[in-house]
Every structure is written in C-alpha cells, then in structure tokens.
Amino acid sequence: MFIKYLFGFSMIFYAAIAVGQNTELANIYLEQADQVYSEAKDAIEIAKEIYVQAAEADTMHVRANYMAGRLYLETVNRDYSTKYFERVKRLDPKYKFNIDYLLGRGYQYGLEFDIALKYFEAYKKRLLANRSYRGNDVTSTSEVNERIEECKNGMEIIDMPSLYTIENVGENVNSAWPDYAPVLNEDETVMIFTSRRQEGNTNENVDKDNFYFEDIFISKRKGITWSKAKNIGSNINTPYHDSNLYLSRDGKELYIYSDVGNGDIFYSSENANGEWSKPKPIPGRINSAGFSEQSVNISADGEFLLFASNRPGGYGGFDIYGCYKEDGEWKRPFNMGPEINTKYDEDGPFIAKDGVTIYFSSKGHKGFGGFDVLKTKYNDKTQKWDKPENLGYPVNTVDDEVYFNPTADGKRGYLASVREEGQGFTDIYMVKYTGDLGVTAKSRIVDIKKKENNFISDADLKTKQLIDSVLNISAYQVYYEVNSAEILPEFEGKLNDMAKFLRGHQNLGVQVSAFSSSDGNLKFNLELSNKRAQAVVNYFKKNGIEEDRLAARGFGVLSGSETKTRKAEVKIMDLSRFGE
C-alpha cells in the first residue's frame, strides 16, 4: 500500500506540471489524499504532501488549504500550517469554529509567541460568546489557557541568554526515518539509539503507520566521526518494536523497553566477543504489574536509579521515581516528589556524574510547549531539589525534547528532536554547553578596542598586543548571503590565519556570535543565526582547533543595514584566565 500511494502521488505530481494550477486539479489531489487518509489513516505524511499539492493547485480552495494546515500541525514543520490556515481564515472565517486556535498553534510552533497570543485571545472571545456551541471543531478553555501560558513562558525563555548550541550528528547516524533515544558510554565512543529506518531493519514490513518497526542500532566514534550505524543484532531486536533506554557508563549493559506487562524494563549484557545477551527483566521491584515503566538511568556509583512510570500514587501522568540499591538489590521505589513531578508527564531522567544533578523532561514545569528538558540540583541546606531550570532554546522547542543524555564532563549532551535541517523526521543532535566561554565580565575577551576594560591584566594586554601584531584584528566579521550559512571564499583567508595562530597558542579560544537580518520569522532567524555560528565553529574544527576551545551562539535578528546584519562576529579569547 505504501508503494502504491507513492506511485499514485508521483503520477499526479507530474500531471500538475502538465495541467497547471486550477480547481479541477486541486479536486483530483483531494480525492487521492482523502483515499490515502481514509484507507491508511496512519500514513499521514503521504496524505499531507498530497493535500499540500491540492492547496497549491488552487489557493482559493478552502478545504484543501484547511487539510494541508491540519496535517502540518499533526506532523513535522508544524509552523508551516499558518500559511494554509491564514488562507482559510481569509476565504471563510467561519469555516472552522477554532480556526483562530489552530492559527495560534502554528505561530506558537514558529516561536512567534506574540502573534500566537493574539489568536488564542481571539479564540477565547469567540468561545465565551458561544458557550453553547458543541461542534467537534471546538477546543476547550482549559486547553487554550495552557497554550497562552506556554506562549508567555516562551516569550521569556526565548530572550534568555542561551548557554547551548546544537548540531546534527550526521548521516552516518541519522536517516530519513525517525531516529531517537540516543544513549552513550562514559567516554563517548559508543552510541546506541532507536530507529524506524528501512535499511538494516529486522522486519522488512512496515507497521500500520507506514513506518518500519523500531529496532536498536549502534554507532562507534573514531576521532570526531561516527561510524555508519548498524543493527545491534537479533539477540536484542525482534521482528516487532524494540527500543533502548540506558547504556551503562562502561558500555557493557544495555537497558531496553519491552511491551511485556504494559511496558517493562529489561537489560542485556555484552560479552568479550561483542555479542549481546538475550534481555532479562531488571531485578527488584522496579517493574510493576499492569503499568508502564518507560525510561531508566543509574548513578555513576551504581547505587541509585531513576525511572519513569504511570503507576498509581503519583502526581499525574508519568512520574519520575527513585530507587536505592541495598546489599546488591534494588529496593522499594519512591516518588521523587512535587519539586520534580507535576500533574502532567515527566520522563527521561538522567543522573549527572556528580550524583546531585538531574536532567529530565517535563510537560508540566515552566516551558513553551511539549516536553522540555530541565535541570535541577539537590540542595543540602533545604534538603530539597532546587526549582528546575529550563535549558532554553535551542535545546528546547515547542515540539518534544526527551531523553537528554549529557556527557560526564557536562560539556556536551545528546538528544533527539524534529528540526528543519534534519535528515528526515526525528534526528539525533549533539548539544554543546558554551557557558564557560560566555561573554561575561570576567571572561576577559581579547578585544584591542576595549583596553579601558577594568578586568584587563598585563597578561591580557600582552595577548591583545600579540593578536594585534600577528592578525591585525580584534573581532573579525564574516558576512553571509541571504538565507545562507555558507562561508564565502573571501573570508577563508583570514579564518585560516586565525586557525594557524590558534594552533600555536593553546591558551586561546574562539567565541562566535552570529546574527541574521529580519527576512524571516523568529524561528527561522534564530535557526539561521545558529547555523551561521556553527559554520564558523566547524571551519575551525576542520582546521585542527579542538572543540572545547570553540563556542558559538546565534542571536537571531540584528537591527541595522540588511547586508551588515547577516554576519558572524569572531573573537579570540584568553582561556587561561577562566575559572578565576
């Protein structure tokens, strides 16, 4: 069926080229899309693409535009839905009772929270004015109030200085299919993850949603490159759904999710030959009868465990539970309490190496939509967990970010997310913490134009003078073409000089701050500026500069001349002075 619809869609696509844009063609598209959606409703991606073609064939066709927007809102690139919902509202404002709510959701996914709020408030007014309305196109007051709160949070969080950058780990790991739940060993040389790809899958058939069944894959890192991911093997993977949860720090024990008992935690061990044993249920009282356990993480000393479960007695939905080991056995689990758990879902806990810092994902704490990754630390004075801190954008988006897996040194982390620059659906990304290279008062940025800086010492001044004499720059400006993050040849010469200089001075690093013009929406501009910053970092990495000496951040729109705001500002910094 999957192939049949792809073939039929291709025939219609070429018909579009021959016939041109008109209502008759739009109706042909609609008939085909409706057939896909009714006969194989879970094949939503195929149906979406055909509805989009229908909407583009006739931009005045209300139903075609509504269905295109609706299916965008239910899949990936959800902010694209606004284009089609705006047409619906313009053509027939009464076509759907909750059209303002749907528009608000689209703008929320695009991080345009101020516009989203206007639509949500407009919908609330309509809802209050029609209290007796009971159509299936109504959204409850409680739900719209949640969206309003998320947008208000988003406006605050998006303006917070980001301490992170995010980078796709590449096509050796990611595929055109959903890839997610990355777990790594402590030295970051092994990555195990779940994928619904076709290549290497244990089952050659697709599930009812037209994606292949979940299988567990493994990739190993040599230098800075991840090897081509391969299926972890038939001892772990079955013809049905199999997904990983946690990899021990030595890389020898893999914990997986099993559908047994409505969802239980199993584990497998790797032998000296690199083969994985048949999975067994995790011992102790962690798995429950009739309820689900869907994530697990173990502390560095092996004595404390966290997991998520929807068992009775929690605060609502999935909660995070703790469990101590005594005499080699996991004892009775306990709820981690209201500082961490809310009436909504919490999932994906991770215990940092220090044993007192926890990362987890939540739908209930202060966030701007879906699951957000948060961080908290146990406070010895209060004997409680500190208020969880949202990691902010670009780590979190309005979509779901779950199973954040930080490295032992806390400088990097890995998670799966839906991003526009991804290989397909959900991709795996590396998150880099840049806080230690942030532009703070005591960071002593090497900038010869600021010799009046009160924090400059004789050593700093000598470094400034050295850079001035060798490179004749303080902050180098790299400019970009419209909507591009590609470094132009005219800027490579100076970047090469900087890289050569940095290779000879290990105490120096680079801070990259990138910007965009106001051509696109907020989400587009933030993503583009982050890509520009990361492009400079990647250039230095290819020229032999270690990653921990490089930091980058995209700031979005910079006011001023359009040609002068599409840039990255590159500053050399004295790393030897950090931490004082």
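The values are calculated or read from the model by the stated rules, or taken from the named source; none is laboratory data. Because the structure is predicted, anything quoted here is derived from the model rather than measured. Positions of Cβ are backbone-derived with ideal geometry, glycine not excepted, and every protein chain shown enters the neighbour counts. With ligands, DNA and RNA removed, areas are computed over all heavy atoms of the protein, side chains included. Shrake-Rupley method; radii C 1.70, N 1.55, O 1.52, S 1.80 Å.
ILE224 falls short on exactly one of the conditions (1) of a type outside the set (D, E, K, R); (2) closer than 21 Å to ASN273 by Cα; (3) open to solvent by 60 Å² or more (accessible area, probe 1.4 Å), and that condition is (2).
Scan region 444-461 and give yes if some residue there is part of a strand (DSSP E or B) and at pLDDT 90 or above, otherwise no. No, the conditions are met nowhere in region 444-461. Across region 45-86, what is the total count of residues that are touching a residue at least 60 places away in the same chain (Cβ under 8 Å) and either β-branched (Val, Ile, Thr) or not in a helix (DSSP H, G or I) (or both)? Looking only at that region, the number is 3.
Quick one: in region 322-338, which of the residues that are outside any strand (DSSP E or B) and of a type outside the set (Gly, Ala, Ser) is farthest from SER362 (Cα to Cα)? Looking at residues that are outside any strand (DSSP E or B) and of a type outside the set (Gly, Ala, Ser), I get ASP327. For region 129-136, does any single residue satisfy the condition of being closer than 27 Å to SER529 by Cα and of a type in the set (Gly, Ala, Ser)? No: zero hits. ILE572 falls short on exactly one of the conditions (1) touching a Lys or Arg at 6+ places or on another chain (Cβ under 7 Å); (2) open to solvent by less than 10 Å² (accessible area, probe 1.4 Å); (3) at pLDDT 80 or above, and that condition is (1).
Of everything in region 557-568 that is modelled with pLDDT of 85 or more and not β-branched (Val, Ile, Thr), the residue that is nearest to SER516 (Cα to Cα) is ARG566. For region 334-392, a residue qualifies if it is open to solvent by 60 Å² or more (accessible area, probe 1.4 Å) and either touching a Gly at 6+ places or on another chain (Cβ under 6 Å) or among the aliphatic types (A, V, I, L, M) (or both), and the qualifying residues are PHE334, LYS343, TYR344.
Residue by residue, here is whether (1) open to solvent by less than 50 Å² (accessible area, probe 1.4 Å); (2) over 25 Å from CYS151 (Cβ atoms); (3) acidic (Asp, Glu); (4) out of contact with any Phe, Trp or Tyr (no Cβ under 7 Å at 6 or more places or on another chain) holds:
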site	(1), (2), (3), (4)
SER38	no, yes, no, yes
HIS61	yes, yes, no, yes
ALA68	yes, no, no, no
LEU71	yes, no, no, no
THR82	yes, no, no, no
GLN108	yes, no, no, yes
LEU111	yes, no, no, yes
LEU127	yes, no, no, yes
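For region 399-408, state whether one or more residues are within 22 Å of GLY302 (Cβ to Cβ), touching a residue at least 60 places away in the same chain (Cβ under 8 Å) and assigned to a strand (DSSP E or B). Within region 399-408, one or more residues are within 22 Å of GLY302 (Cβ to Cβ), touching a residue at least 60 places away in the same chain (Cβ under 8 Å) and assigned to a strand (DSSP E or B).
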